[in-house]
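Trainee: I'd like to ask some things about the structure below.
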Amino acid sequence: MQLVVGRIGRAHGIRGDVFVEVRTDEPELRLGPGAVLLTDPAKVGPLTVESGKVHSGKLLIRFAGVKDRTDAEALRNTMLIAEVDPDERPEEEDEYYDHQLIGLDVVLADGTLVGELTEVVHLPYQDLLTVVRPDGTEVLIPFVEQIVPTIDLAEQRCVITPPPGLIDEAEAELDGGPEQNR
């Protein structure tokens with residue numbers, strides 16, 4: 001399985017270093033020295049990480065064979081892709097890789113189907129689950145334990161306990177409506 005783990009940004013210095021926008025929870029594993037990464041566009045890679053460090057709060061990487069600023073600038077906006085064993089699991093029991101969650105059936109505690117989980121949106125303060133309902137509409141579910149108490153990979157389902165109005169707007173109106181009407 002292939003996962004996008006970063007995007008190459010601007011060059012830094014004259015020795016071929018580039019800043020990388022990290023798109024993985026495990027940069028030390030996926031973007032560490034010796035990692036071989038596929039690229040999009042494919043004509044650029046594969047690239048092997050020679051060294052990396054944090055500089056001014058950003059990841060700075062040097063790839064093998066990229067020897068100067070001109071070579072580094074040619075890589076700008078290239079997506080970095082890691083090959084990941086689909087059976088690989090994060091170390092923590094309650095952590096999941098995005099690919100493990102995408103495609104799960106999202107159901108209420110009573111088993112009522114809400115839809116299919118199609119994307120995990122990573123925001124600075126909280127992750128959201130994008131769920132496509134049977135009628136084709138999308139709903140965003142905060143990925144917090146109070147609302148998503150159960151992920152069952154064996155049964156391929158995600159159990160949610162949404163507050164009133166999160167899934168059904170009519171429930172929100174029954175609950176008193178928007179604050180502006182009060």
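The values are calculated or read from the model by the stated rules, or taken from the named source; none is laboratory data. All values derive from a computational prediction rather than experimental measurement. In this analysis, Cβ positions are derived from the backbone assuming ideal geometry, glycine residues included, and neighbour counts consider all displayed protein chains.
Trainee: May I ask you to list pairs of residues, at least six apart or on different chains, whose Cβ atoms are under 9 Å apart, with the first in segment 81-93 being touching a residue at least 12 places away in the same chain (Cβ under 8 Å) and the second being of a type in the set (D, E, K, R) and surrounded by 12 or more Cβ atoms within 10 Å (Cβ to Cβ)?
Mentor: Sorted first by the residue in segment 81-93, then by its partner, the pairs are I81/D40; A82/R30; V84/R30; P90/D25; P90/E26.
Per-residue answers, yes or no, for (1) closer than 13 Å to G9 by Cα; (2) assigned to a loop (DSSP other than H, G, I, E, B); (3) modelled with pLDDT under 85:
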| site | (1), (2), (3) |
| --- | --- |
| G52 | no, no, no |
| E73 | yes, no, no |
| D87 | no, yes, yes |
| V106 | no, no, no |
| D110 | no, yes, no |
| G115 | no, no, no |
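Trainee: What about G32, is it surrounded by 13 or more Cβ atoms within 10 Å (Cβ to Cβ), small (G, A, S), outside the structural domain of L153 (by TED's automatic domain parsing) and over 26 Å from L128 (Cα atoms)?
Mentor: Against the criterion (surrounded by 13 or more Cβ atoms within 10 Å (Cβ to Cβ), small (G, A, S), outside the structural domain of L153 (by TED's automatic domain parsing) and over 26 Å from L128 (Cα atoms)), G32 qualifies.
Trainee: Examine segment 124-132 for a residue that is under 30 Å from H12 (Cα atoms), modelled with pLDDT under 85 and of a type outside the set (G, A, S), and state whether such a residue exists.
Mentor: Within segment 124-132, one or more residues are under 30 Å from H12 (Cα atoms), modelled with pLDDT under 85 and of a type outside the set (G, A, S).
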